[in-house]
1. Mind checking which pairs have a first residue in the range 34-63 that is assigned by TED's automatic domain parsing to the domain that holds L107 and a second that is among the basic types (K, R), Cβ under 6 Å, 6 or more apart or different chains?
2. Determine the pairs where a residue that is in contact (Cβ under 8 Å) with a residue 12 or more places away in the chain and assigned by TED's automatic domain parsing to the domain that holds V55, located within the range 87-108, has a partner that is in a helix (DSSP H, G or I) and within 15 Å of ligand 1 (Cβ to nearest atom) with Cβ atoms under 6 Å apart, the partner being 6 or more residues away or on another chain.
3. Filter the range 329-342 for residues that are within 15 Å of ligand 2 (Cβ to nearest atom) and surrounded by fewer than 24 Cβ atoms within 10 Å (Cβ to Cβ); which is nearest to V229 (Cα to Cα)?
4. From the list G145, G167, which one is of a type outside the set (D, E), at positive phi and modelled with pLDDT under 95?
5. Could you check the range 250-298 and list, in sequence order, the residues that are out of contact with any Lys or Arg (no Cβ under 6 Å at 6 or more places or on another chain) and among the polar types (S, T, N, Q)?
Amino acid sequence: MTEIADLIEPLIALRRDIHSQPELGFAEHQTAATVAKLLREAGLEVHEGIGGTGVVGVLRAGDGPRTLGLRADMDALPIVEQTNLAWASRNPGCFHGCGHDGHVAMLLGAAQALARDPRFSGTLNVIFQPAEEGLGGAREMVADGLFERFPCERVYALHNWPSLPAGTIATRPGAIMGAAATFRVTLEGRGGHAALPQDTPDAILAASVLVQQLNTIVARDILPTAAAVLSVTEIAAGHTHNVLPAEATVGGTVRTFDPEVQDRIEERIGQICRGIEMAFQVHGNLNYIRNYPATINDPQAAADALEVSATVAKAELAPDPAATSEDFSYMLQQCPGAYIWLGQGRGTDSPSLHNPHYDFNDDVLETGLLLHMALARHWLRD
Ligand SMILES: [Zn+2]
Ligand SMILES: [Zn+2]
């Protein structure tokens with residue numbers, strides 16, 4: 001019998017219980033209360049209400065000066081579940097379709113097991129964050145003083161990964177998840193008669209030239225070996241045949257893996273808009289909104305994570321980052337660490353994350369728990 005065998009069955013029951021009662025971002029009141037209660041029962045010092053519904057448990061052992069953070073996310077998605085499982089959502093339109101129920105169970109289990117038998121020296125902070133799905137719960141915890149109140153020299157997070165087979169763990173140095181941004185340019189002319197072009201700036205012509213010039217940015221302004229996507233996805237102007245409209249709008253999305261590339265693209269969109277203003281006598285207004293930044297793993301933390309992962313499962317270097325994004329990026333901006341993919345695939349028809357048929361694979365709960373424990377004992381070793 002392994003040191004954690006008796007924990008697994010109750011944790012699977014807990015995971016399914018959380019699954020059946022999902023809560024959306026910043027509304028994880030019941031989930032956070034359960035987490036806090038179980039951490040307290042395990043003997044951790046517990047802090048609630050950080051960055052909204054965030055919870056931090058502190059476990060000290062020995063007199064080592066080192067500190068580590070391990071993160072799990074707690075929120076569900078606004079999706080109608082279609083699994084028909086016995087533990088399916090009882091909260092219609094809300095669904096643990098990203099496996100955060102499993103993340104909570106794995107980190108709680110690791111905290112319980114380490115509290116019982118630490119075999120480390122230092123301070124472990126287990127971080128349960130709200131609102132990963134689009135609302136930036138990690139950013140709110142950081143803004144609420146997470147790392148000032150609970151110093152961490154390093155921080156790790158696991159995410160289950162359906163495209164990776166169960167029993168495999170992967171990560172990589174540098175970018176592992178992408179940054180997403182959206183832009184919208186409004187070009188204002190004056191509006192006027194279509195038969196009198198000499199009197200009226202043409203916002204439609206300005207918008208069509210803008211679309212073409214935006215499509216030169218990735219090809220002409222970005223290092224050929226860097227990856228980036230700029231797609232124009234909206235263009236709107238005009239409503240009849242004899243009026244030059246007063247306004248045209250152009251919108252789209254930008255995906256990057258390097259903050260400098262993101263900066264350069266935003267700068268170039270601005271420069272091109274100024275050129276369009278001058279050339280077509282329109283007034284341009286650029287609204288560039290950065291969503292989550294790229295998730296950038298510290299190279300040493302990623303190397304350590306692979307070494308430690310190999311002690312609990314098959315570990316492999318991920319060849320490419322994923323284009324989806326993750327708000328653990330805000331924690332990695334403050335503290336070196338790594339984001340790690342825990343394989344949970346059950347063959348080729350494994351539903352992807354955010355699919356209404358998805359369910360966290362309980363077979364990998366033990367692997368994730370052991371990985372959290374091994375990461376703690378490795379970084380906080382005597
Ligand atoms: Zn998700
Ligand atoms: Zn997720």
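1. So the pair list comes out as V46/R40.
2. Qualifying pairs under 6 Å: W87/H19; H96/H19; D101/H19.
3. The qualifying residue nearest to V229 (Cα to Cα) is S329.
4. Working: G145 fails: modelled with pLDDT under 95.
Testing whether each residue is of a type outside the set (D, E), at positive phi and modelled with pLDDT under 95 leaves just G167.
5. Of the range 250-298, the ones out of contact with any Lys or Arg (no Cβ under 6 Å at 6 or more places or on another chain) are 250, 252-286, 288-298.
Those that are out of contact with any Lys or Arg (no Cβ under 6 Å at 6 or more places or on another chain) and among the polar types (S, T, N, Q): T253, T256, Q262, Q271, Q281, N285, N291, T295, N297.
Listed here are the residues, each with its yes/no results for (1) of a type outside the set (S, T, Y); (2) in contact (Cβ under 8 Å) with a residue 24 or more places away in the chain; (3) within 16 Å of ligand 1 (Cβ to nearest atom).
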position: G337; (1), (2), (3): yes, yes, no
position: I340; (1), (2), (3): yes, yes, yes
position: P351; (1), (2), (3): yes, yes, yes
position: Y358; (1), (2), (3): no, yes, yes
position: M373; (1), (2), (3): yes, yes, no
position: L380; (1), (2), (3): yes, yes, no
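Residues checked against (1) touching a Cys at 6+ places or on another chain (Cβ under 9 Å); (2) under 29 Å from S329 (Cα atoms); (3) hydroxyl-bearing (S, T, Y):
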position: D221; (1), (2), (3): no, yes, no
position: L230; (1), (2), (3): no, yes, no
position: T233; (1), (2), (3): no, yes, yes
position: V254; (1), (2), (3): no, yes, no
position: R264; (1), (2), (3): no, yes, no
position: R274; (1), (2), (3): no, no, no
position: E277; (1), (2), (3): no, no, no
position: Y292; (1), (2), (3): no, yes, yes
position: A301; (1), (2), (3): no, yes, no
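The values are calculated or read from the model by the stated rules, or taken from the named source; none is laboratory data. Treat the numbers as computed from the prediction; the structure is a model and nothing was measured. Don't worry about glycine lacking a Cβ; one is built from the backbone with ideal geometry, like all the others, and counts go over all protein chains shown.
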